[in-house]
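The values are calculated or read from the model by the stated rules, or taken from the named source; none is laboratory data. Just so it is clear, the model here is predicted, and its values are computed rather than measured. Here the Cβ positions follow ideal geometry from the backbone for every residue, glycine too, while neighbour counts run over all protein chains shown. Quick note on the areas: whole protein, heavy atoms, side chains included, nothing else; ligands and nucleic acids left out. Shrake-Rupley method; radii C 1.70, N 1.55, O 1.52, S 1.80 Å.
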Amino acid sequence: MKGDPRVHGVLNALLAHELTVVNQYMVHAEMCDNWGYDKLAKSIEKRAKEEMKHAEQLIARIIFLEGTPVVSKLNEIHIGSDVPKMFGSDHSAEADAIKNYNSAILVCGEARDFATREILEHILNEEDVHIDGIEAVQAEIGQMGIQVFLSTQIA
């Protein structure tokens, strides 16, 4: 099925973002693992895998719409030097994703591509869960202090 070029464009922009955050989250997970924060590493790695599934869904949809998925383009990756900075970077990435998915959903509606819009709405809901989880960790750090929080992340 031939898709609207505007939809191809927004899907590839979303794909670049998803591939970027997969890399960012994997680096953050490995850093936490290296520091001995096993629980935190597993949590971040799980989020990275969910983002990879989003990328797979976008690739599948682009191909279905007879477009070409661009997997060689990444956005700027923001690696935090400590746990609070990691979660700050991750929060920014998720906030950007939410903004971008909302914009892409509008483009799909204008192009009358309601099936793609539905896929993006589903991913958007998962991005909302991600940012909620990040904000929960940031709140825990704020309430407990970083040292106490990190002591809870050792397996």
HIS54 accessible area, assembled protein chains, probe 1.4 Å, Å² = 0 Å²
query = If you take the square roots of the eigenvalues of the alpha-carbon gyration tensor of the range 59-106 and sort them as a ≥ b ≥ c, do you get rounded (a/c under 1.5), prolate (a/b over b/c) or oblate?
reply = oblate
key: Inter-label distance for GLU121 and LYS73, nm, one decimal - labels placed 7 Å from Cα along Cα-to-Cβ   = 2.7 nm
key: Low-density loop positions, trypsin sites (Lys or Arg not before Pro), the range 2-68 - DSSP coil, at most 12 other Cβ in 10 Å   = LYS2
ask   = Fully extended, how many nm does the chain gain between TRP35 and PHE64 (0.36 nm per residue separation, minus their Cα-Cα distance)?
value = 6.2 nm
key: HN-Hα J in Hz across the range 128-139 - Karplus 6.51, -1.76, 1.60, θ = phi - 60°, x for Gly and Pro   = 4, 5, 4, 5, 5, x, 5, 5, 5, 5, 4, 5
ask   = Hey, what did the chain get for relative contact order, percent, Cα under 8 Å, at least 6 apart?
value = 30 percent
Kirkwood Rh in Å, taken over all unlike Cα pairs in the range 19-67 = 11.5 Å
inquiry  = If I compute Kirkwood radius over Cα pairs in Å from the structure I just sent, which labelled value in (i) 15.7; (ii) 15.2; (iii) 16.2 lines up?
reply    = (iii)
remark   = Within the under-11-Å Cβ sphere about GLU56, not counting GLU56, Lys/Arg +1 and Asp/Glu -1 give a net charge of 0
remark   = Here, ALA155 and ARG112, labelled 7 Å along Cα→Cβ, have an inter-label distance in nm of 5.3 nm
ask   = Considering only protein heavy atoms, what is the solvent-accessible area of GLU30 at a probe of 1.4 Å, reported in Å² to the nearest 10?
value = 110 Å²
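Please calculate how many Å² of accessible area the chain carries per residue, with a 1.4 Å probe and no DNA, RNA or ligand atoms counted.
I get 52 Å² per residue for this part.
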query = Taking the Cα centre of the chain as the origin and placing charges on Cβ (Lys, Arg +1; Asp, Glu -1), which of CYS108, HIS130, THR68 is farthest toward the positive end of the dipole?
reply = THR68
note = FRET efficiency for SER103 and VAL27 from the Cβ-Cβ distance with R0 = 25 Å, rounded to 0.05, comes out at 0.40
